[in-house]
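**Q** Pasting a structure here, questions to come.
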Amino acid sequence: MRTSSQLLLTFLLNAVWQIAFIAALASFGAWLLRHSAMRYQHWLWVAALCLSLLVPLGTALRALPESPSPITEPRNELSIANPVSIRPIAGPFERMSATPVSVSSSAFQLNSSLAVGLLIGYLAVFLFSSFRLARAWYTTRTVRHDAATLERDETVEAIVRECAKRLDFEAGRVKVCRSMHQAVPVTIGLFRPIIILPDSLLRGGDDDLLTSAIGHEFIHVARHDYVLNFLYELLVLPVSFHPATALLRRRIRQTRELCCDELVAERILNAEVYARSLVALASSAPPLRRLSVTTTVGIADADILEARIMSLLSKPKMNRRWKKLLLVAVSLLLLVPSFAAAAFAMRFELAPNVQEPSQQEKELKEKRRAEEARTEDAFKERMAHDPNFRREVERKREVEMEMREVKQAALVRLARVNMDQAIQIATSQTPGKVLECSLNADKWEEPGKLAKDGVVFYHVVIADETSAGATHVLVNAVDGLIMKTEKELPHKQRNPENQ
């Protein structure tokens, strides 16, 4: 759950600046392509929309922390296959230190409340956008069911055949319907495209107007605009929170209509005639039609009638060589900086809840006790049910006992001061009652052989007469010198916060 939250936060917060950067690049590229064919601008904006999703997503995946290699703690299992070695008894002054939780310095730590608020806000926008798309899809299905099959009309059939011929498209693949509720022509259908014409247009008897409407919708079908538009809406959902996404959608819709206008003027109708038809069709569309959102595509989708008319009536020419160079330059301008932006991956994650050292130590001890209990239970169960293992354990114990005896004999041989003398030396330094005295050594080379820098010493524990606690005294077993003295505080004094 934490990893998915970090992934979503990294995607969300990187997308804020990356989408704005990509939209700015696309705007500049569209300005450079303003004198070229409109289809190039259309695909530029489509590429920008795709990059607006892919770049933040790739950034988030690249910024994921690498899974740390699991740390295997030593288990208290006995195995005869490994060489047997006796570790020196730990001294009383050795303390275990808890390893702090490592936090990646490359990650931006976010306050938990802020991070949760951002995630909830993002999910709310995502769900709202999904609901709007679902409602638009339902409205589109309603428009489809309300449309009626067009009765045999020789004029419409002739226009359909002529448009299909000019576009090199099979007329039988498209079904033409009529509707009393639609004010402008629209195209619907993922797999079986349908062109819906308003009754007012069919009753008008204007052949140029019918040809403009049917030709425009035929081009939508030939370009698969309805399917592509639905895919664009799905791509927009994860990044619908960003204001630049609305700009990309609007530019895609506008350039799509301009592309269709270019093809109609090029293959079906004269540009001036088609421009007059656009004005007539736009005047028949109610200004609030878009309040009822659908997923249809149609001749009145774009709100740039003046730009469409100017585009039809003025066609600047550009040298073909310069056009190719400009296309390559704009493509590089969009792609190279966009992929470079993915390299500047900033990772965001929830700030860990910092615990007090005492709490960390307590949890660590509890985990170790639980692990020791599990290991002991597994050991007992195996001893009870596995005879071979039981024999190996008994054999190992015998070997260890022999080595312990060898080690103890070596300690006695190396000691020059006996235990009574060591106790007298320790109590002369620290008066009190002797609780424990043991002979030990540090730095063994092998069982029975002390290393060159090894030391044989007596560990004397003396109870304090005047205060609680005990004193640990280490007395050199060779020359009788006191090696170290340390006061041991009671457990409650060492950890007052655990009282």
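**Q** Scan Leu13, Leu57, Leu53 and give me the residue that is touching a strand residue (DSSP E or B) at 6+ places or on another chain (Cβ under 7 Å), part of a helix (DSSP H, G or I) and either among the aliphatic types (A, V, I, L, M) or at pLDDT below 50 (or both).
**A** Leu13 is the lone residue from the list that is touching a strand residue (DSSP E or B) at 6+ places or on another chain (Cβ under 7 Å), part of a helix (DSSP H, G or I) and either among the aliphatic types (A, V, I, L, M) or at pLDDT below 50 (or both).
**Q** In addition: Condition first: closer than 25 Å to Ser314 by Cβ and open to solvent by less than 30 Å² (accessible area, probe 1.4 Å). Now tell me which residues in region 223-261 satisfy that.
**A** If the condition is that a residue be closer than 25 Å to Ser314 by Cβ and open to solvent by less than 30 Å² (accessible area, probe 1.4 Å), then Asp225, Ile252, Gln254, Thr255, Arg256, Glu257, Leu258, Cys259, Cys260, Asp261 are the ones that fit.
**Q** Check Leu133, Leu127, Leu123, Leu210 and return the single one that is more than 16 Å from Val297 (Cα to Cα), in contact (Cβ under 8 Å) with a residue 12 or more places away in the chain, aliphatic (A, V, I, L, M) and in a helix (DSSP H, G or I).
**A** Exactly one residue qualifies, and that residue is Leu210.
**Q** Filter region 121-136 for residues that are open to solvent by less than 50 Å² (accessible area, probe 1.4 Å) and under 28 Å from Cys177 (Cα atoms) and give the result.
**A** Hits for region 121-136 are Leu133, Ala136.
**Q** Just the residues that are open to solvent by 50 Å² or more (accessible area, probe 1.4 Å), touching a residue at least 40 places away in the same chain (Cβ under 8 Å) and either closer than 18 Å to Leu110 by Cα or not in a helix (DSSP H, G or I) (or both), please, taken from region 18-47.
**A** Scanning region 18-47 gives a single hit, His35.
**Q** Something else: Within region 471-487, count every residue that is under 15 Å from Ser428 (Cβ atoms) and buried (at least 17 other Cβ atoms within 10 Å of the Cβ).
**A** Looking only at that region, the number is 6.
**Q** Return the residues of region 137-153 that are surrounded by fewer than 17 Cβ atoms within 10 Å (Cβ to Cβ) and either of a type in the set (S, T, N, Q) or touching a residue at least 60 places away in the same chain (Cβ under 8 Å) (or both); say none if nothing qualifies.
**A** Trp137, Thr139, Thr142, Thr149
**Q** Next question, about the same structure. Step by step: first the residues of region 48-65, then only those that are closer than 22 Å to His224 by Cβ and in contact with a helix residue (DSSP H, G or I) (Cβ under 6 Å, 6 or more places away or on another chain), then the one that is surrounded by the most Cβ atoms within 10 Å (Cβ to Cβ). Which residue is that?
**A** By that ranking, first place goes to Ser52.
**Q** Go through region 262-279 and give me each residue that's open to solvent by 40 Å² or more (accessible area, probe 1.4 Å) and in contact (Cβ under 8 Å) with a residue 40 or more places away in the chain.
**A** The answer is Leu263, Arg267, Glu272, Arg276.
The values are calculated or read from the model by the stated rules, or taken from the named source; none is laboratory data. Not measured: the values here are computed from a predicted model. A quick note on method: Cβ atoms are made from the backbone with ideal geometry, for glycine too, and the neighbour counts reach across all protein chains shown. Surface areas here come from the heavy atoms of the whole protein model, side chains and all, with no ligands, DNA or RNA. Shrake-Rupley method; radii C 1.70, N 1.55, O 1.52, S 1.80 Å.
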